Amino acid sequence: MKISNIPYLLALAYNVLAAGDDKAATDSKVVDLTGENFMDYVNSHDLVLAEFFAPWCGHCKKLAPEFEEAAAYLADTEHDITLAKVDCTESKEFCMELEVQGFPTLFIYDHGDQAGQYQGPRKSADIIKHMLKQSLPVVSELKLAADVESWLEENHEENPVVFLYLGSEEVKEDFELIAKLHRNSLSFISSSDPKLKELYNSDLVVFKLDEEPESLEGEATRESIDKFVVENRFASFEDLGPDNYINYIESGIPMLYAFVGDESARELIKDSLTPYIKQLKGKANVVFLDSNTYGRHASNLNMEQKFPALVIHDTDSNKKYIHDQSVDVSASSIKKFIDDFLGNKIQPNLKSADVPESQDEPVYVLVGSEYDKIVLDDDKDVLVEFYAPWCGHCNNLKPIYDELATLYEDNDKVVIAKLDHTENEVPDKITGYPTIKLFPAGDKKNPITFESARDLKSFIKFIKEKGTHKAEPNSLDAKDDKKKADKKSEKDEL
């Protein structure tokens, strides 16, 4: 069955769901499973798409009719593909074992082995299409060059990125393993026709819709194939949306967002960026973002909602390289922007609060614009608390952290700092509050996360053991003497 026919057949066969809750329950092709019988079930079927849900979950309720419809359609195919569901309020421990972190979570099982998570659109046609693709061989074997040509003519529109393997049988197993990792988003074919090897002079070729084929340079090895697939997994100038956003994020490669609201802006940017596509490979994936629909996302990237606009976002470091919004986007401005980016001449944009006029607290109040100056000072051990004003644990920590700072206030080799992460962006990945990191002198690329009890003794021990300077604090007695002296001075003044 051609995958492209699925939406049409689906529309004919399932215009509406069966009416009535009792009838729906009776006719349901979705299998109810628990933690006790789950593995037995998935081990006895070729393919299972399992939904892990909670009865109170609104997204789960919205998915339910689409899931039922997909299950009914797949039950009538020749493939052993079933859809199942597990109520995580009834099978709590099992769901925890599988690290289910939200609802609904959809896992695919291939002959009992977990084969990834379904993160595509939650519509019946998309679920069906995805599961039918899972039932096909990971790599389609095509004997002749003419077969490859025919396959591309029939399938390239729906499979915009296709990898053709032409190498040895010894390395083919590695190719198939890599293909299995990417089968949800890419297509893989192979051929032993020597005409193709002669034509492309390579063991591996990628075909991207509306682009010239590109060949792997050098010998095909597991490492070179993996690198080639990762760098070429996206077609250039794809439209970014909910369906493919997660794939781009998971690639680990920065994204070049081109915000466009009309066809003329799209054409201008595409024509201007096309000469740079090869140079940008592995450095930035170019995507279009509809400014009419997703214009607000510009604010998340520290930009004005002024379009068209260009920005390169490195999600790993959270650095944002912004095309100057004070000038109009043009062929010449795009050229300068890309040349500066490739030549490391453009500074990243990080959101920052204003630098405090004075440092009146025991703890140094750090802001984004001072981050490199303070934190990356190679002569000092710098302890930084990344916090949020609304965080209860952060507020509870404040008196202890303040006291810690007073113990090192006379030490010019140690800085105790804090940064409001809701107002300041930093290159480090911060996933929770408070996050406390020590940046040792002379080794700033390897910060150490504080994970002990949040008490004074543990902090002092951490700074001494992990810091480059092995710094000792002022004694608590000395601190008390200083307080008494300050109070006496105040009385004398009165």
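Between the listed residues Phe175, Asn159, Gln134, the Cα displaced farthest toward the positive end of the dipole of the range 114-266, a dipole computed from Cβ unit charges relative to the Cα centre, is found at Gln134. Would you be so kind as to identify which of Phe439, Ser317, Phe307 lies farthest towards the positive end of the dipole of the chain, taking Lys and Arg as +1 and Asp and Glu as -1 on Cβ and the Cα centre as origin? Ranked along the dipole, the leading option is Phe439. Hey, with R₀ at 60 Å, roughly what FRET efficiency would Val138 and Ser358 work out to, going by the Cβ-Cβ distance, to 0.05? For Val138 and Ser358, the calculated efficiency is 0.40.
Beta bridges per DSSP, both residues in the chain: antiparallel share near 50 percent.
Counting only DSSP H runs of at least 4 residues, each contributing -39500 (n - 2.57), and dividing by the residue count of the chain, the helix-based mean residue ellipticity at 222 nm comes to -11000 deg cm²/dmol. Candidate values (1) 51, 32, 23; (2) 35, 27, 22; (3) 54, 25, 19 were compared with semi-axes √(5λ) of the Cα gyration tensor in Å computed on the shown model; the agreeing label is (1). Quick one: check the C-alpha center-to-center distance for the range 299-327 versus the range 38-75, whole angstrom. Distance between centres, Cα-based: 40 Å. The aspartates and glutamates whose alpha-carbon is closer than 19 Å to the alpha-carbon of Lys197, local same-chain residues fewer than 8 away aside, are Glu141, Asp147, Glu149, Glu169, Glu170, Glu173, Asp174, Glu176, Glu212, Glu214, Glu217, Glu219.
Applied to the range 396-409, the Karplus parametrisation 6.51 cos²θ - 1.76 cosθ + 1.60 on θ = phi - 60° returns per-residue 3J(HN,Hα) values of 5, 6, 3, x, 5, 5, 4, 5, 4, 4, 5, 6, 10, 5 Hz, with x for Gly and Pro. In order along the range 370-379, the phi-based Karplus estimate (6.51 cos²θ - 1.76 cosθ + 1.60, θ = phi - 60°) of 3J(HN,Hα) comes to 9, 4, 4, 4, 8, 5, 8, 5, 5, 8 Hz; Gly and Pro are listed as x. Non-local lysine pairs in the range 29-92, meaning eight or more places apart or on different chains, with alpha-carbon distances under 17 Å, amount to 4.
Farthest towards the positive end of the charge dipole of the range 320-428, among the residues Val384, Ser358, Val415, is the Cα of Val384, using unit charges on the Cβ of Lys, Arg, Asp and Glu. You can think of it this way: the chain between Glu173 and Lys470 has 101.7 nm of extra reach, that is 0.36 nm per residue less the Cα-Cα gap. When only Cα pairs below 8 angstrom with a gap of at least 6 residues are kept, the range 53-153 shows a relative contact order of 30 percent.
Say the cut-off is 23 Å between C-alpha atoms; which of Lys143/Lys195; Lys123/Lys429; Lys227/Lys437; Lys320/Lys445; Lys429/Lys470; Lys335/Lys445 go over it? Display every interim value, and only then the final one.
Values: Lys143/Lys195 11 Å; Lys123/Lys429 33 Å; Lys227/Lys437 33 Å; Lys320/Lys445 20 Å; Lys429/Lys470 26 Å; Lys335/Lys445 32 Å.
Listed pairs above 23 Å: Lys123/Lys429; Lys227/Lys437; Lys429/Lys470; Lys335/Lys445.
Which order, highest average first, do 82-88, 110-116 follow once you tally other Cβ atoms within 10 Å for each residue and take the mean per peptide?
82-88, 110-116
Each Lys and Arg contributes +1 and each Asp and Glu -1, all at the Cβ; summed about the Cα centre of the range 310-410, the dipole is approximately 760 debye. Between the amide H of Lys123 and any residue lying 5 or more places away or on another chain, no distance stays under 5 Å, with hydrogens modeled in the peptide plane.
About the Cα centre of the chain, how large is the charge dipole given +1 on each Lys and Arg Cβ and -1 on each Asp and Glu Cβ? Please answer in debye to the nearest 20.
1080
Between the range 370-422 and the range 168-187, the C-alpha centres lie 48 angstrom from each other. For the range 328-417, GluC sites (Glu not before Pro) are listed when DSSP marks them as loop and at most 10 other Cβ atoms sit within 10 Å of their Cβ; the list is Glu357.
When peptides 57-63, 440-446, 281-287, 378-384 are ranked by their average number of other Cβ atoms within 10 Å per residue, the highest-first order is 378-384, 281-287, 57-63, 440-446. On the basis of the beta-carbon distance and an R0 of 22 Å, Ala453 and Asn396 show a calculated FRET efficiency of 0.95.
Counting only the backbone N, which residues of the range 36-68 are under 13 Å from the spot 7 Å out from the Cα of His79 toward its beta-carbon? Residues passing the 13 Å test: 46-49.
Throughout, read-outs are computed from the coordinates displayed, never taken from laboratory work. Bear in mind the structure is a predicted one, so any value in this text is a computation, not a measurement. All Cβ positions, glycine included, derive from the backbone under ideal geometry; neighbour counts span all protein chains shown.
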